[in-house]
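**Student:** Just dropping this structure here.
The values are calculated or read from the model by the stated rules, or taken from the named source; none is laboratory data. Not measured: the values here are computed from a predicted model. Here the Cβ is made from the backbone with ideal geometry for all residues, glycine too, and neighbour counts use every protein chain on show. Heads up: the accessible areas ignore ligands, DNA and RNA and are worked out on the full protein's heavy atoms, side chains in. Shrake-Rupley method; radii C 1.70, N 1.55, O 1.52, S 1.80 Å.
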Amino acid sequence: MTKTPLIERLNWRYATKKMDPAKPVSEDKVAQIVEAIQLAPTSSGTQPFELFVITNPETRAEIRKVAWDQTPITDGSHLLVFAAWDNYTAERIDAVTDQLKAERGDLPLLTAYYDNLKNTYLPRDASVNHDHAARQAYIALGLAMAAAAELEVDATPMEGFDPDKVDEILGLKDKGLRSVVIMPLGHREEGADWLLPMPKMRKPLEKLVTRLD
Ligand SMILES: Cc1cc2nc3c(=O)[nH]c(=O)nc-3n(C[C@H](O)[C@H](O)[C@H](O)COP(=O)(O)O)c2cc1C
């Protein structure tokens with residue numbers, strides 16, 4: 001069977017190490033990557049994270065300093081910062097219920113479902129809730145990477161940064177947010193990236209997949 005265009009694009013993409021500062025990503029393409037993030041499914045539909053899209057050169061230079069000096073942060077044109085909720089709160093969950101009521105109507109099961117969710121989430125340790133929220137942000141990260149690949153935009157997902165320092169630079173603490181993963185967008189600088197000529201390395205399927213037929 002022929003491969004889908006998505007699989008072809010996933011083979012094309014790689015965690016770009018050298019981006020070309022002379023080739024910014026068009027705002028049209030960034031908007032579609034952001035839409036993929038908006039459309040990402042999340043547990044109970046809470047979307048427990050916010051996205052920062054940073055083009056400001058000074059802010060990106062500050063972030064690069066606390067992110068292992070990784071050049072795509074400033075050589076790319078846009079930096080995405082995924083910032084997850086520091087905790088679940090009644091207000092945050094009620095805002096989801098309110099939006100659902102407004103857009104889908106006050107279904108009887110709705111309030112019961114989200115009351116139950118509050119009963120489960122609110123007594124839990126903040127770190128457990130933050131970790132759960134961060135996992136939702138990573139689903140959006142995955143879709144953003146796929147959307148970028150489809151649009152022939154290069155993207156480097158990064159955990160190599162000091163989250164507390166990035167939170168400080170962006171003033172996230174006061175917003176009840178914590179940075180979890182960042183991703184510069186740009187275009188690869190062909191001939192200058194040591195990783196580009198390397199073959200893609202992945203576990204063989206027999207080590208990744210167990211089939212129980
Ligand atoms: C959550 C996450 C964090 C990562 N952090 C970094 C990073 O800080 N710097 C970097 O150069 N690559 C980073 N990578 C890239 C991985 O090393 C890379 O995706 C992996 O080796 C597979 O290679 P490929 O993406 O080029 O196919 C990260 C990838 C993911 C998914």
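**Student:** Could you list, in sequence order, the residues of region 79-135 that are open to solvent by 20 Å² or more (accessible area, probe 1.4 Å) and assigned to a strand (DSSP E or B)?
**Tutor:** 85
**Student:** Any idea which residue in region 1-30 is farthest from residue 77 (Cα to Cα), counting only those that are open to solvent by 50 Å² or more (accessible area, probe 1.4 Å) and among the β-branched types (Val, Ile, Thr)?
**Tutor:** Here the residue is 2.
**Student:** Search region 61-78 for residues being among the β-branched types (Val, Ile, Thr) and not in a helix (DSSP H, G or I), and hand back the single one that is farthest from residue 133 (Cα to Cα).
**Tutor:** This residue is 71.
A quick yes/no check of all residues on (1) on the phi > 0 side of the Ramachandran plot; (2) open to solvent by less than 100 Å² (accessible area, probe 1.4 Å); (3) assigned to a strand (DSSP E or B):
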site: 143; (1), (2), (3): no, yes, no
site: 147; (1), (2), (3): no, yes, no
site: 161; (1), (2), (3): no, yes, no
site: 179; (1), (2), (3): no, yes, yes
site: 192; (1), (2), (3): no, yes, no
site: 202; (1), (2), (3): no, no, no
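**Student:** Any idea which residue in region 43-58 is least open to solvent (accessible area, probe 1.4 Å), counting only those that are in a helix (DSSP H, G or I) and more than 30 Å from residue 89 (Cα to Cα)? Before the answer, list the steps.
**Tutor:** Taking region 43-58 first, the residues in a helix (DSSP H, G or I) are 43-45, 57-58.
Right, trim to more than 30 Å from residue 89 (Cα to Cα) and you get 57-58.
Numbers: 57: 79, 58: 122 Å².
My answer is 57.
**Student:** In addition: Is it the case that region 52-63 has a residue that's charged (D, E, K, R) and not assigned by TED's automatic domain parsing to the domain that holds residue 188? Lay out the reasoning, then the answer.
**Tutor:** First, the residues of region 52-63 that are charged (D, E, K, R): 58, 60, 62.
So of that shortlist, the ones also not assigned by TED's automatic domain parsing to the domain that holds residue 188 come out as none.
Checked region 52-63: no residue is charged (D, E, K, R) and not assigned by TED's automatic domain parsing to the domain that holds residue 188.
**Student:** Could you please find all residues in region 33-42 being open to solvent by 30 Å² or more (accessible area, probe 1.4 Å) and either in a loop (DSSP other than H, G, I, E, B) or in contact with a helix residue (DSSP H, G or I) (Cβ under 6 Å, 6 or more places away or on another chain) (or both)?
**Tutor:** Of all residues in region 33-42, those open to solvent by 30 Å² or more (accessible area, probe 1.4 Å) come to 34-35, 38-39, 41.
The one that is open to solvent by 30 Å² or more (accessible area, probe 1.4 Å) and either in a loop (DSSP other than H, G, I, E, B) or in contact with a helix residue (DSSP H, G or I) (Cβ under 6 Å, 6 or more places away or on another chain) (or both): 41.
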